[in-house]
Amino acid sequence: MKHPRFEDLSAFIDGELQDEEMMEVKAHIDVCKECRDRVEFLLALDKGIRETQEKWDVDRFTSEVMERIHPPVGRRNLILKVATIGIAASIIFGFAFTNIRDSYRENLNKEKYQLITQHQIISSGDMGIIFISERK
Amino acid sequence: MKLRRYEGQEDKDLILWAQEGDEKAFEELVKRYSNQVINLSSQIMGSSDEGWDMAQEVFISVWKNIKSFDRDKNFYPWIRKITINACYEELRRRKRERTISLDNVEDNEPSVDLPDITYSPEEIFDKKEINEVLATLINTLPEHYRITLWLRVVEDLSYEEIAQQLNINIGTVKSRINMARKLMKEKLSMYYMEEKDETSSF
């Protein structure tokens, strides 16, 4: 009795033999226990391989994927908040600085005016007003 | 406005919503197919960690290209193709030094010459630890055998579909699957022969 080759049994369980070959192999294994055992072994091997598939943490995987596609709202809001605070701080600081500078200039002008009115200007030069005062 | 229900929704509807930009719909699709994709990419990459990372790249690619997907076709075969292409591209890009390259397959006969000992399925597959043993042994197969066998046995692709996915001819598919099964059979035989020897030595 001619037994099918291993590769024929392999193709047989995959349904990948020609119709005539499939029928020949089937007819043989119906009457040959040894080949029937070999086929059962191959089928059990395939089933065992399918059962080696792991069960993954799908929730964790999915949230990692979605985070990469669309960063979470919390993180986006944080960036927005930091930017807003930065801009607000710049505006406030700039406003305060301008006010202080203007106030200083105003005080400086007042002092100058006082000096001018209290003293007599004798002469002025290139480096601003130079006056020689006479005590009244 | 009617609230959408995502869980239990058909793929076709989820895909349509995802194509309109609904991220929740896409999230549901990721949940449905992530197990299969991670398992497949792990087998191709040869490692669970790399499989996990590659699977993420796959879904990001799916999201970017989802508008081009034809909803009349099945969704998973499309993802599977992206997975295989992405993994193979990554492997080629790394240019790993291997004895057997990805493109130049040499279908060698198994190097270990063992007697053809066939244990009955009950002797082997009813053992408690068989899943662990098989998972370990399958990882020792040369990668082109392992991947081809996985596509046949787990992904349930025909020889022709495998040939198209891997850009090889059907004869090579048949040869690789045959060789993979032969190697697995011999490795299992060797494993349980050693186990029997250890047991009998006591």
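The values are calculated or read from the model by the stated rules, or taken from the named source; none is laboratory data. These numbers come from a predicted model, not from an experiment. Every residue, glycine among them, receives a Cβ derived from its backbone with ideal geometry; neighbour counts consider all protein chains shown. Side chains are part of the model used for accessible areas, which takes the heavy atoms of the whole protein and leaves out ligands, DNA and RNA. Shrake-Rupley method; radii C 1.70, N 1.55, O 1.52, S 1.80 Å.
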Would you mind working out the accessible area per residue for the stretch B:11-98, using a 1.4 Å probe, and quoting it in Å²? 49 Å²
In whole Hz, the Karplus estimates of ³J(HN,Hα) for the stretch B:37-54 (6.51, -1.76, 1.60; θ = phi - 60°; x where Gly or Pro) are 5, 5, 4, 5, 5, 5, 5, 6, 6, x, 7, 5, 4, 5, x, 4, 5, 5
Setting aside same-chain residues fewer than 8 positions from B:Lys24, which lysines have a Cα under 16 Å from its Cα? B:Lys2, B:Lys12, B:Lys64, B:Lys67
Qualifying trypsin sites (Lys or Arg not before Pro) in the stretch A:1-83, DSSP loop, other Cβ atoms within 10 Å at most 11: A:Lys2, A:Arg5, A:Lys55
Can you give the accessible area of A:Tyr104, probe radius 1.4 Å, in Å² rounded to 10? 150 Å²
Mind checking which lysines have their Cα closer than 18 Å to the Cα of A:Lys47? Skip sequence neighbours fewer than 8 apart in that chain. A:Lys55, B:Lys127, B:Lys128, B:Lys182, B:Lys185, B:Lys187
